[in-house]
Amino acid sequence: MSLIADRLNRISPSPTMAITAKARALKAEGKDIIGLSAGEPDFDTPAHIKQAAIDAINAGDTKYTDVSGTMALRQAVAAKFKRDSGIDYTPQEIIVSTGGKQVIFNAMLATVQAGDEVIIPTPCWVSYPDIVQLAEGTPVFVPCAQNHGFKLRAEDLEAAITPKTKWVFLNSPNNPSGAAYSAEELRPICDVLLRHPQVWVFSDDIYEKLTYDGFKPATIVEVEPALKSRTITMNGCSKAYAMTGWRIGFCGAPVELIKAMDKLQGQSTSNTSSISQAAAVAALNGPEDMLGEMVAVYKTRRDLVAKMLNQAPGLSCATPEGAFYVFPSMQGCIGKTTPKGKTIENDEDFVIALLDEQGVAAVHGSAFIYPGHFRISYATSTEALTEACTRIQKFCASLV
């Protein structure tokens, strides 16, 4: 009898976390490594948010809360959805979880059964397929071409839907491409969904506030309120407020689904940290001056990285609308050989050789179900990014 359950054979360790861990280990050995694989802001959590957590500790706010979150936080989340997207959610239609990943996990395990299909546009965040498979669902990948801005087209969605389709994921701005949808771009997608009433929508908007050049991303229910009864609108505090370690994700959804997710969460992790919840209330209800400052810095870094990568032989880098990633094509490097004699046969070979020979840690596109590309996070210092891109240019120029 095997100790490890068969269900774990359906999933793999997170590639992004694995590469980040490898880069940290090499750095600890004294090697000169620039890590561009982690998906978290390099900014500190704003002072007023940290102070709210300290105040909560001093006030003895250290007990269990409702599984779905404190009423104060669910009210703050409801106000956030109304303020930013014009969507009306009551506190009873909201659940707070230990990061956005748990929201996805709860939703899929609460609803997906063996044989159900879940449409996932690619490139996609690495955890979507694994969570679907752990829930015994079948991921259905729909490639979104770079020449279409890495965005899902209505006709491709229509072609992917079958009688077995239960969910479709939409992530805007997208990890890893940074592509974001406007209201006009979501309209035809909504029209397709209206024709298929059995299909639910999971809208992952975690990077919503990180967009550039005046771009305003839209979300499904904002564009088509009639889809509210079968949509999860997910967001959180990790990216916008530099709170990755606080572990606060949340979503709005129909009450019946929220109750099911609450039931599952109640038998797994129960509530998220009461201290983190107090900090999240301050984040959502407080000033957002730092957001503008963060976005301005990210934009400068984005422009720098895109420009320098486009100057590297064999690379082609689109300029994204949002998030803090670029997702360049490395197709022009395939088939070439590195100075250490390694042949670049695919994107994974490329990032492994880049780390080995130039000390730059990136994530291969295949991890995001999109071969021939690689992801770089520009959520690090401008100096580190400049040096990293210089090394990438040097690496690409050295290939023969």
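The values are calculated or read from the model by the stated rules, or taken from the named source; none is laboratory data. As the structure is a prediction and not an experimental result, all values here were calculated from the model. Note: ideal-geometry Cβ built from the backbone for every residue, glycine included; neighbour counts use all protein chains shown. When the accessible area is computed, the model is the full protein with side chains, heavy atoms only, and any ligands, DNA or RNA have been set aside. Shrake-Rupley method; radii C 1.70, N 1.55, O 1.52, S 1.80 Å.
Listed values, structure above:
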| read-out | value |
| --- | --- |
| Region 1-35 and region 161-224: distance between their alpha carbon centers, rounded to Å | 30 Å |
| With at most 13 neighbouring Cβ atoms within 10 Å, loop trypsin sites (Lys or Arg not before Pro) (DSSP) excluded, longest segment of the chain | 196-339 |
| Sulfur and carbon atoms: percent of accessible area, region 1-119 [1.4 Å] | 55 percent |
| C-alpha long axis of helix 347-358 to longest principal axis of the chain, angle in ° | 60 degrees |
| Which of Val400, Val326, Val297 is most accessible, then next, and so on - probe 1.4 Å | Val400, Val297, Val326 |
| Given Lys239/Lys259; Lys151/Lys299; Lys27/Lys209; Lys82/Lys263; Lys63/Lys166, the pairs whose alpha carbons are separated by over 29 Å | Lys27/Lys209; Lys63/Lys166 |
| Between helix 274-285 and the chain: long-axis angle, C-alpha atoms, 0 to 90°, nearest 10 | 80 degrees |
| Separation of the Arg195 and Met1 label points, Cα + 7 Å toward Cβ, nm | 5.2 nm |
| Helical mean residue ellipticity (222 nm; -39500 (n - 2.57) per DSSP H run of 4+; nearest 500) of the chain | -12500 deg cm²/dmol |
| Region 90-148 versus region 278-339: alpha-carbon centroid distance in Å | 24 Å |
| Among Asp191, Asp289, Asp116: highest mean-square fluctuation, GNM of the chain, C-alpha pairs under 10 Å | Asp289 |
| Using a Förster distance of 22 Å, the FRET efficiency for Ser14-Ala397 (Cβ separation, nearest 0.05) | 0.10 |
| Residue among Ser97, Ser274, Ser12 with the largest mean-square fluctuation in a Gaussian network model of the chain, springs linking Cα atoms under 10 Å | Ser12 |
| Loop GluC sites (Glu not before Pro), region 79-180, which have at most 16 other Cβ atoms in a 10 Å radius of their Cβ (DSSP) | Glu136 |
| For region 312-366: Kirkwood Rh in Å [reciprocal of mean 1/r, alpha carbons] | 11.9 Å |
| Coil-residue GluC sites (Glu not before Pro) of region 318-362, DSSP, other Cβ within 10 Å capped at 15 | Glu345 |
| With every protein chain in place, region 341-400: carbon and sulfur % of accessible area (1.4 Å) | 51 percent |
| Mean separation of Cα contacts under 8 Å, 6 or more apart, over the residue count of region 23-146: relative contact order % | 15 percent |
| Near-label residues of region 360-396 by backbone N, under 19 Å of a point 7 Å along Cα→Cβ of Ala296 | 379-383 |
| Overall form of region 1-120 per C-alpha gyration tensor (a/c, 1.5; a/b vs b/c) | oblate |
| Surface accessible to a 1.4 Å probe, per residue, for the residues of the chain, Å² | 41 Å² |
| Region 318-400 shape via C-alpha gyration tensor axes, a/c threshold 1.5 | oblate |
| Degrees separating the helix 382-398 axis from the principal Cα axis of the chain, which is the longest one | 50 degrees |
